[in-house]
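The values are calculated or read from the model by the stated rules, or taken from the named source; none is laboratory data. For clarity, every value in this text was computed on a predicted model and none was experimentally measured. Virtual Cβ from ideal backbone geometry, glycine too; neighbours counted across all protein chains shown.
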Amino acid sequence: MILEIVKYGHPALRKKGERIEKITPDIKELIANMFATMEENHGVGLAAQQVGVAKKVTVIDVRAATDRPSTLELDGQPADPSSIMPLVLINPEVTAVGEPVTGGEGCLSFPEIFADISRPGIVDVAALDAKGRPIAFRCGGLLARAVQHETDHLNGILFIDRMEKPTKQGLQAELDALQAETKAALKKK
């Protein structure tokens, strides 16, 4: 089922997600619906907060982004990033390994708003998969950026919080308009 993606200004985006202790049928359904919603909206990642659910689960699939490569290491060995796609991360822990790299980012909760964001170029990731099994890997490129972007969402952090001040100031009118539109829509509900 395609879920509604909440937009900037919705309180769910600022909620810190609850840890998931057990993979219930509801969690499995949420994951399936998040994948359907992400694909429908041509995203590479989607966090539970973006569909109004304050849980620590995100879905990622970078295979369609052929213009922005990703790297992956499993057990210290290079691996094909597509081998772990589509990816579910439950209760992810992300550790920066590489130096900061600036790159373009967008967000399904901020339609048509894009900016350069500086993030570590390589990260170590530990999480549970969709079946509740531990997974761990090191990644770089777009996959590292997507993992960090989505993990931020799980902690109530938005990509605008990572923007340099002049960048955010340049987008302020668009951000204010989006926030006002979202708040007006919420009042109507």
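Filtered by the rule that a residue be over 29 Å from Arg19 (Cβ atoms), among the hydrophobic types (A, V, I, L, M, F, W, C) and touching a residue at least 24 places away in the same chain (Cβ under 8 Å), the stretch 133-184 gives Leu171, Leu175, Leu178, Ala180. Here the condition is being touching a residue at least 60 places away in the same chain (Cβ under 8 Å) and farther than 16 Å from Gln148 by Cβ; of Pro111, Pro86, Pro78, it holds for Pro111 alone.
Does Leu128 qualify as being surrounded by fewer than 22 Cβ atoms within 10 Å (Cβ to Cβ), of a type in the set (A, V, I, L, M) and more than 23 Å from Ile23 (Cβ to Cβ)? Steps first, please.
Numbers: surrounded by fewer than 22 Cβ atoms within 10 Å (Cβ to Cβ): yes; of a type in the set (A, V, I, L, M): yes; more than 23 Å from Ile23 (Cβ to Cβ): no.
So Leu128 fails the test.
Kindly indicate whether any position in the stretch 94-106 is within 19 Å of Gly9 (Cα to Cα), touching a strand residue (DSSP E or B) at 6+ places or on another chain (Cβ under 7 Å) and not acidic (Asp, Glu).
Within the stretch 94-106 (the criterion being within 19 Å of Gly9 (Cα to Cα), touching a strand residue (DSSP E or B) at 6+ places or on another chain (Cβ under 7 Å) and not acidic (Asp, Glu)), the answer is yes, since at least one residue qualifies.
Which one of Gly156, Gly170, Gly132 is outside any strand (DSSP E or B) and under 20 Å from Gln49 (Cβ atoms)? On inspection, the qualifying residue turns out to be Gly156. What pairs come up if the first residue lies in the stretch 47-70 and is at negative phi and at pLDDT 95 or above, the second is assigned to a helix (DSSP H, G or I) and among the aromatic types (Phe, Trp, Tyr), and their beta carbons are under 7 Å apart, counting only those six or more places apart or on different chains? From residues that are at negative phi and at pLDDT 95 or above, the pairs are Val59/Phe35. Looking at the stretch 28-124, the strands (runs of 3 or more DSSP E) lying wholly inside it that each contain 1 or more residues that are among the polar types (S, T, N, Q) and surrounded by 15 or more Cβ atoms within 10 Å (Cβ to Cβ) sit at 57-60, 70-74, 87-96.
Screening the candidates Val101, Val97, Val147, Val123 for the property of being in contact with a helix residue (DSSP H, G or I) (Cβ under 6 Å, 6 or more places away or on another chain), at negative phi and not small (Gly, Ala, Ser) yields one hit, Val123. The number of residues in the stretch 17-43 that are among the β-branched types (Val, Ile, Thr) and within 10 Å of Ile2 (Cα to Cα) comes to 1.
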